[in-house]
Amino acid sequence: MARNGALDGLRVLDLTDLRGALAGRVLADMGADVIKVEPPGGDPTRRLGPFADDRPHPDRSLPFWFYNLNKRSVTLDYQHARGADLLMRLVESADVLIESFEPGHLEQLGLGWSVLAQRNPALTLCSIAPFGQTGPWRDFAADDTVLTALSGMLYVNGYPNEPPVRPLGLQAYHCAGLYGAIAIMCALFARDRSGRGQWIDLSIQEAAACGVEHVAPSYFATGEIARRRGTLHWAGGFRLGRCRDGWIMHSISGDWTTLLEWVKGDGAAQDLTDPQWSDPAYRRANAAHLFDVLDQWAADKSCREIAERAQTLRLPYAIPRSVNDLPDDEQLIARGYFVQVEHPELGRKFLYPGSPYLFSRTPWRLYRRPPLIGEHNLEVLGGDLGIPADELAVLHAEGVC
Amino acid sequence: MALALEGIRVLDFTWVVAGPAATRALADNGAEVIKVERKAGEFVIGTRRAGLMADLNRNKRSIAINMAVAAGVELAHRLVKVSDIVVDNFSARVMRQWGMDYQSLTRIKPDIICMSMSGFGHSGPRAHHVSYGPTLQALSGFTMQMADAQGRPAGFGYSYADMAGGYWGALAALIALWHRRRTGEGQFIDLAQFEALVSVIGPSLLDLTVNRRRQPPPQWNSQEGPAAPHGVYRCRPEGEDADRWVAISVRSHSDWRRFVAALGSPQWASDPRFRTLFLRMQNRDLLDHHIEQWTTGQDAWEAMHILQKAGVAAAVVSNAEDLCVRDPQLGARGFWPTLELPGGGRTPFANLPFRLSETPASVRTPAPEIDQDRDWVLGSVLGIERAERDALLAAGAIYPD
């Protein structure tokens, strides 16, 4: 296949489950040959719903589809010696191996870092674990909920005196996946100089903590404990409000005089014309009152009227949308963000969200739909490793692949 | 010890949060990041010495250049000639106005990489709209979808959009640098922060496009396999602070047995309505009521440890103090390295969430004050001597001390 991906020629073995799968996906989108190495029954993500047409089947899991677009799939039971041996042969020609097992698991299988590095000194191993590979909580039980809780992400979303509200999407895992891909690229640059790979120890808890903006810096600066304030942004610049026919995201982060003149022109500025409001620090400290005034101003206007006028005045207002409207979003459509992915087995095409950037020379691309279980066993184990078809059949019968 | 990105020079026009978060990941790994700034009018929350701006800009250099005069643009062009990548996060028109757009810069340095991290990208109907994080969170559905139990929108009390723009931006820069190292080709990256956010919504977008199922707010319905109990539960106040919570996730039958045992096998747990995961999900309100009876008598940290000791995924919902001071895991892993500040005193910074075994990223120098490194940039980077510097001053390209 003609390829012109930025990461052409990189081979990545992806042994992750849900927790680390995004790392390989984003590399695959840019041309890396990412081979998902699954146990013979399939990656546990394949058992996770929702499923296409709500029909549970390992090749119909939508979470699997989302995280594994553009990857190939090989099945290998590397708990057994023969499977481990085949994995090591794949390691020889790989640049990167990503895993998200419990810390120490690979070592127990005889596939620890020292063994891998001995077989292929240029290999980069990226280990993604809830708390990383070290520390007193290393073996604690965790899921995305627990990790968003321990990162500070949960505590600051929601209303005062009410339970914290969790993010949409598995954001602890997403932070880990993206930072995992960043770490891998850094290790590859270092390898260019040294010729040697290295071991990346990534903590999902820390990745999620890096997905929080203000909590730690504010605490270290002033000792302030950031709290939940509904949709009032911590820095005081935004709050969601009501207008006549729906919601509007108000903002005082644009030019203050412009906004004030507009509101004043409608006779709705109340006390905002008092001189102290021209001080940004005062506005931040008294944001709640300021937004109350804006809510009253907006009450008899339409969302559209406000949002359109605001943007012509360079004020960062928006009408909030539902995620359900995104496939029809005119901006995403104009940018070709969603792509049609054909699933020949199902006789249909489906609309997938893409990657968030347009590279002028090496754009991200649709190379292949997410793989069926072991779809590339013949190609990879037969073709690359040269295992004859009859031997593959035996290995399959024995449950090795 | 060597750093992974040594030898890479980044010319950094970014401001506010998303852009600086992207170049921070590069700087921490050893890239030389030179901020090109305005002398006045910096987006200010706190100072460069403490708080968010200090955190985002550590390990970077700063020079102020007046881009409104020809000599300033010319000076910037000389810096482009010796840089590998130019990054900005202005709305689409700003760099073009300065003659700093990709087309213009390729005439100066044919293999330059330019990355624009604008709100909506350089094309489409919203290309010229202004946005900050909350604007994008409103438009991408996060604000509305993250609703609390009463249905009130509660999406992000901070700009997660900026943190997402940051990790996607760092990754995109590294991928383009990798491609250039392989082929000698530069290119233009048009990253839309809006799309960066949409790209981490996750599999629920596929449930919408494939199954045509409108997505309800996730609340505490698990996004990684059925779970009950699952959510946050109020704990005993700690001193004056009544805002204490523990997050709990129970999935498998053995999780449930260990959970019940950890609570001392209370009578209610043998209620047939809780016998299976399916039943526990059906009777979630009653289940949560019983659990909260237990948690409200517990200290949040104690509850976490009782449950973790039993192997149950549980966590204190960390506030700033829990995160920055009390969390023994982050402390043990060196997640909060400290730096001496120029004015005296030490302050902690958040590390990147991964450790590279051979070339670990590090926090080495505090954020520069604006224009702090002017003489270093002119002298060491461009070889400009005193007489020429005076001429630049006279032309208004740079600023007096």
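Each listed q (0.12, 0.25 Å⁻¹) maps to a log10 I(q)/I(0) for region B:230-326, found by the Debye formula over equal Cα scatterers with no solvent: -0.37, -1.41.
Rounded to the nearest 20, the size of the Cβ-charge dipole of region A:197-246 about its Cα centre is 500 debye, with Lys and Arg at +1 and Asp and Glu at -1. Considering only protein heavy atoms and a probe of 1.4 Å, how much of the accessible area of region B:230-326 is carbon and sulfur, as a whole percent? Whole-percent figure for carbon plus sulfur exposure: 51. Our helix-only sum for the protein assembly as shown, with -39,500 (n - 2.57) per DSSP H run of n ≥ 4 divided by its residues, gives a mean residue ellipticity at 222 nm of -9500 deg cm²/dmol.
The relative contact order of chain A comes to 19 percent, based on Cα pairs under 8 Å that sit 6 or more residues apart. Among the trypsin sites (Lys or Arg not before Pro) in region A:34-84, none sits in a DSSP loop with a Cβ that has at most 15 other Cβ atoms within 10 Å. Quick one: Cα centre-to-centre distance for region A:224-294 and region A:144-217, in angstrom? Their Cα centres are 31 Å away from one another. For region B:189-238, what does the alpha-carbon gyration tensor say about shape, rounded, prolate or oblate, given a ≥ b ≥ c as the root eigenvalues, a/c under 1.5 as rounded, and a/b over b/c as prolate? Oblate is the answer for region B:189-238, as a/c is 1.5 or above yet b/c matches or exceeds a/b. The residues packed around residue A:360, meaning those with a beta-carbon under 11 Å from its beta-carbon, carry a net charge of -1 if Lys and Arg are +1 and Asp and Glu are -1.
Cross-link candidates for residue A:71: which lysines have Cα within less than 21 Å, leaving aside residues fewer than 8 places away along the same chain? Here the lysines satisfying the reach criterion relative to residue A:71 are A:36, A:349. The separation of region B:197-268 from region A:300-378, counted between C-alpha centres, amounts to 28 Å. Across region A:238-320, the volume of the C-alpha convex hull divided among the residues equals 76 Å³ per residue. Of the Cα atoms belonging to region B:127-215, the radius of gyration and Dmax stand at 16.3, 56 Å. Taking only the alpha-carbon positions of the protein assembly as shown and ignoring solvent, what does the Debye formula give for the base-10 log of I(q)/I(0) at q = 0.06, 0.07 Å⁻¹? Results for the protein assembly as shown at q = 0.06, 0.07 Å⁻¹ read -0.37, -0.51. Binning the C-alpha pair distances of chain B at 20 Å intervals from 0 yields a P(r) profile of 22, 47, 25, 5, 0 %, listed from the shortest bin outward.
Residues B:278, B:354, ordered by accessible area of protein heavy atoms at a 1.4 angstrom probe radius and largest first, appear as B:278, B:354. Using +1 at the C-beta of Lys and Arg and -1 at the C-beta of Asp and Glu, which of A:130, B:254, B:57 has the Cα lying farthest in the positive direction of the dipole of the protein assembly as shown? Farthest towards the positive end: B:57. Accessible surface for residue B:84 stands near 30 Å², nearest 10, in the context of the full protein assembly shown (1.4 Å probe). Using a 1.4 Å probe and counting only protein heavy atoms, how much accessible surface gets buried when A and B come together, both sides summed, in Å² to the nearest 100? Chains A and B together bury approximately 12800 Å². Counting only other chain Cβ atoms within 10 Å of each residue's Cβ, the peptide A:308-319 averages 4. Computed from Cα atoms, the angle from the helix B:18-28 axis to the main principal axis of chain B rounds to 80 degrees. If you take all C-alpha pairs in chain A, what percent of them are over 35 Å apart? Counting every Cα pair in chain A, those more than 35 Å apart make up 41 percent. The figure for residue B:385 is an accessible area of roughly 140 square angstrom, using a 1.4 Å probe on the protein chains alone. The C-alpha atoms of chain A define a longest principal axis, and helix A:303-312 lies at about 90 degrees to it.
For region B:230-326, build the charge dipole from Cβ charges (+1 Lys, Arg; -1 Asp, Glu) around the Cα centre, then report which of B:232, B:303, B:282 sits farthest towards its positive end. Looking along the dipole axis, the top candidate is B:282.
When +1 charges are put on Lys and Arg Cβ atoms and -1 charges on Asp and Glu Cβ atoms, the dipole computed for chain A relative to its Cα centre reaches about 540 debye. Only Lys, Arg, Asp and Glu carry charge here, each on its Cβ (+1 for the first two, -1 for the last two); on that basis the protein assembly as shown has a dipole of about 660 debye about its Cα centre.
The values are calculated or read from the model by the stated rules, or taken from the named source; none is laboratory data. Here the structure is a predicted model, which is why all the values come from computation and not from measurement. Every residue, glycine as well, gets a Cβ built from its backbone with ideal geometry; the counts of neighbours run over all protein chains shown. The area values use the complete protein model at the heavy-atom level, side chains included, leaving out ligands, DNA and RNA. Shrake-Rupley method; radii C 1.70, N 1.55, O 1.52, S 1.80 Å.
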